[in-house]
Each structure stands twice: as C-alpha cells, then as structure tokens.
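A short write-up of the structure that comes next.
The values are calculated or read from the model by the stated rules, or taken from the named source; none is laboratory data. This one's a predicted model, so the numbers in the text were calculated from it and none came from an experiment. Glycine gets a Cβ as well: all are built from the backbone with ideal geometry, and neighbour counts include every protein chain shown.
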Amino acid sequence: MNEGLQMRPDLTEEEIKAAVIETFTAKAIESDECFPYCFSLHCARGTIPEAEAIGYMREDLEQIPDEVLMGLGCGNPLVGITIKPGDTVVDLGSGSGIDVFLASKKVGEQGKVIGIDMTEEMVQKATKTAAHYGYDNVEFHVAEIEDLPIDNCTADVVISNCSVNLSLDKPRVFNEAFRALKPGGVLGLADVVVTRELSEETKNSIDAWTSCFAGALLKQEYLDTIIRAGFENVEIVAEREFNDGNSSERVRSIIVRAQKPAN
Ligand SMILES: C[S@@+](CC[C@H](N)C(=O)[O-])C[C@H]1O[C@@H](n2cnc3c(N)ncnc32)[C@H](O)[C@@H]1O
C-alpha cells in the first residue's frame, strides 16, 4: 500500500478525509468481489496467519467469517478485556468488522456489538456479512467516530483497531468514547503511535496517511490525550514495531487499556 511517499505540500483535512474514504472504499469493493463463500486464502486480502501475527488467536478467528479478514488492523484490541454475555460493545472504525464479529461471540444473544465507520462500502460489506452468516446481535452504522450515534453511558466496552490514527480530531474521538461508556466501562485500543516526530514530508503524504501512520501521535501524547478525556488506569499492555511503510523504526503498534471512572 505504501510504495513511495507522494509528497503533498499543503494537504488539507478535506483531502485527507477524502483519501481515507477512497482507500477503504476501494478495499471494501475489491474484497467483496468474491463474496460470499470465499473459503480460499487471500479472499479478503488477509489471512489467519497474518492476523495471528498481530495478536489474534487462531481458534477465535476460525469462528468468524473469512470475509472479515482484510489485514487492516494493527493489533487485537480485545486482548485481556472481559466481555460478558449481555454487554454492549462499540467498535470505532469497524471496517469489515473483524473485532465486531469476535466480540459478538462473547456478548451472546442478549448483548449487542455496534460497528461505526465513515466508509459506506465498509458498512455495507460488514452488514452483508452479518446478514449472510446470521449474526443477529451486531449492527453497523455509517458515522464518524468524532460524533458517535451512541447514547450517553450505554456501552460496557469501546474498542478501536487502527482507526484513531486516521482521525483528524483525536481528542474528540476519546471524548466521544468516554461519553458513550457506562461508568466503569473499558476502552480497548489497537493503534499506531510514533516515538519521534515524523518528517513534514511524511505528514503531508497521502500514502502515509492511508497507510495509518502519518496521522499517528507521539506515544506519550496519545496516552495524555486519553487521560485528558477523563479516563483512568491508562496503560499500554502490548507494543511492537509497526511494519508498514518506510518509517517502521519510529512507528509502533500499541494496545492500550483505559477505564472510565466508576463514579
Ligand atoms: C485501518 S482500517 C481498520 C478497520 C478495522 N478496525 C480492522 O481492524 O480491520 C480503518 C477504518 O476506520 C475508518 N475510519 C477512519 N477514520 C474514520 C472516522 N473519522 N470516522 C469513522 N470511521 C473512520 C475507515 O473507513 C476504515 O474502515
């Protein structure tokens, strides 16, 4: 995806957002060409070994539709999170729904998992997958993660995988996650951060944006932004190199846990 950074001097927010939607629209359409019954490898451009390599368990992946494996995540945001039957889970930037379908197994019939994504084709793809495989406890909505269509204090868990880095207003995303969570609710993130400032060239590269690292915050800034939104017990529970693009030595994939105070 990231072959050669196209330098764009004055990249505007509108250009970045349009490029993100265009990129993920193309990926959704491309992966949909073999829907349904795509039991072959690379059907959705991702594979179980690739997903295992970033932290998923094979036995979990084997329980969800092949179509959701698109290789778009940067970790497993569900690692170590207790999701109980009956819980409500919200996934920010849900894409084809890999984490929604995994969480669906945990919340059971009484629970609900809600995927939010601004790319209509991703939402359509995920909705079609859910209908085809009979997942009644999941729903997907076209919306921005900076403005969630979720009532206050209704989610037990909010997760997000490789999507907050693409947001142009990350404080607002974390404020929205905080608003949506019940007191005591848990935030689980897989995302990309950087360990030193990226060059202006990279920050102004459309390819670097759509490859999920031009928009990455410095690691401490990322954690501070979560804390400023009101979360407590903010911690990185796993970290590894993010092997995408030319800047892997300064780009890290992290798994973060945080909690909305119980009172
Ligand atoms: C890298 S993909 C990850 C998809 C999915 N979470 C996964 O792990 O497979 C990022 C997704 O976030 C969505 N996205 C990016 N920025 C968004 C925003 N501001 N609001 C809603 N969705 C957004 C994109 O449309 C895309 O589907």
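Of the residues making up segment 117-134, those that are within 13 Å of the ligand (Cβ to nearest atom) and surrounded by fewer than 18 Cβ atoms within 10 Å (Cβ to Cβ) number 2.
Go over the candidates A190, A216, A177 one by one and state the one that is within 17 Å of the chain's Cα centre (by Cα), farther than 29 Å from G111 by Cβ and of a type outside the set (D, E).
On the way: A190 fails: farther than 29 Å from G111 by Cβ; A177 fails: farther than 29 Å from G111 by Cβ.
Of the residues listed, the single one that is within 17 Å of the chain's Cα centre (by Cα), farther than 29 Å from G111 by Cβ and of a type outside the set (D, E) is A216.
Got a sec? Which of V107, V79, V89 is touching an Asp or Glu at 6+ places or on another chain (Cβ under 8 Å), modelled with pLDDT of 90 or more and within 16 Å of the ligand (Cβ to nearest atom)? That would be V89, the only listed residue that is touching an Asp or Glu at 6+ places or on another chain (Cβ under 8 Å), modelled with pLDDT of 90 or more and within 16 Å of the ligand (Cβ to nearest atom).
On the stretch given as segment 87-131, residues that are out of contact with any Gly (no Cβ under 7 Å at 6 or more places or on another chain) and among the hydroxyl-bearing types (S, T, Y) total 4.
Cβ contacts < 7 Å: first residue over 13 Å from G93 (Cβ atoms), restricted to segment 17-29; second residue more than 8 Å from the ligand (Cβ to nearest atom) and among the hydroxyl-bearing types (S, T, Y), any location; separation 6+ or different chain. Result? These pairs meet every condition: A19/T210. Checked against the criterion of being buried (at least 19 other Cβ atoms within 10 Å of the Cβ) and without any contact (Cβ under 8 Å) to a residue 60 or more places away in the chain, the candidates I159, I114, I150 yield just one match: I114. From the list G80, G86, G73, the one residue that fits, being in contact with a Cys (Cβ under 9 Å, 6 or more places away or on another chain) and assigned to a loop (DSSP other than H, G, I, E, B), is G73.
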